[in-house]
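The structure appears right after this line, and notes come after that.
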Amino acid sequence: SSSSSHGIHTLLEAEKAASEIVEQARAYRIEHLKEARKMATEDINALQTRKNEELANIQKQGADQSELTKTIQADTSDKLTAITAQFEKNKQDAINKLVSAVTTAEL
């Protein structure tokens, strides 16, 4: 009975340790997704600022605003799509690594 009680206690400790590992992995994933989102937002804002500066410089030179706006919007849209795709790609990689770490963790 003491051996059985010890075995149950050991199983409960293992279950608690596994639960903590899963929670740590969840927190890690959430933190990295937030960081990726923050980085993507910063990249988008920097790109927007740079494109706005380019637009202002070209407008000063008397370029056709309509054509310029279309070009900048298309360029910004393309880069935003690329940044979003990179975020999605990295998000899945982070999830895969977390799942791998959790499923191969030693208890």
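Given a 1.4 angstrom probe, I'd like the percentage of the accessible area of the chain that is carbon and sulfur, rounded to a whole number.
54 percent
Any lysines with Cα under 29 Å of the K38 Cα? List them, leaving off those in the same chain fewer than 8 positions away.
K51, K70, K79, K89, K91, K97
For P(r) over Cα pairs in 10 Å bins from 0, in percent, pick the label among (i) 13, 26, 18, 15, 12, 8, 5, 3, 1, 0; (ii) 11, 26, 28, 22, 11, 2; (iii) 13, 40, 31, 13, 2 that corresponds to the value derived from the coordinates.
Matching entry in (i) 13, 26, 18, 15, 12, 8, 5, 3, 1, 0; (ii) 11, 26, 28, 22, 11, 2; (iii) 13, 40, 31, 13, 2: (i).
Suppose only helical runs count, i.e. DSSP H with n ≥ 4. What mean residue ellipticity at 222 nm does that imply for the chain under -39500 (n - 2.57) per run, divided by all residues and rounded to the nearest 500 deg cm²/dmol?
Result for the chain: -34500 deg cm²/dmol, rounded to the nearest 500.
Given the options L12, L47, L55, state which has the largest fluctuation in a GNM of the chain using a 10 Å cut-off (strictly under) for Cα springs.
Highest fluctuation of the listed residues: L12.
What whole-number value in Å² describes the accessible area per residue of the chain for a 1.4 Å probe?
In whole numbers, the chain has 77 Å² accessible per residue.
Give the angle, between 0 and 90 degrees and rounded to the nearest 10, that separates the Cα long axis of helix 65-103 from the longest principal axis of the Cα atoms of the chain.
Around 10 degrees separate the two axes.
If one takes the longest principal axis of the Cα atoms in the chain, at what angle in degrees, from 0 to 90 and to the nearest 10, does the Cα axis of helix 2-60 lie?
Between helix and principal axis, roughly 0 degrees.
The values are calculated or read from the model by the stated rules, or taken from the named source; none is laboratory data. Worth saying up front: this structure is predicted, and the values here are computed from it rather than measured. Surface areas here come from the heavy atoms of the whole protein model, side chains and all, with no ligands, DNA or RNA. Shrake-Rupley method; radii C 1.70, N 1.55, O 1.52, S 1.80 Å.
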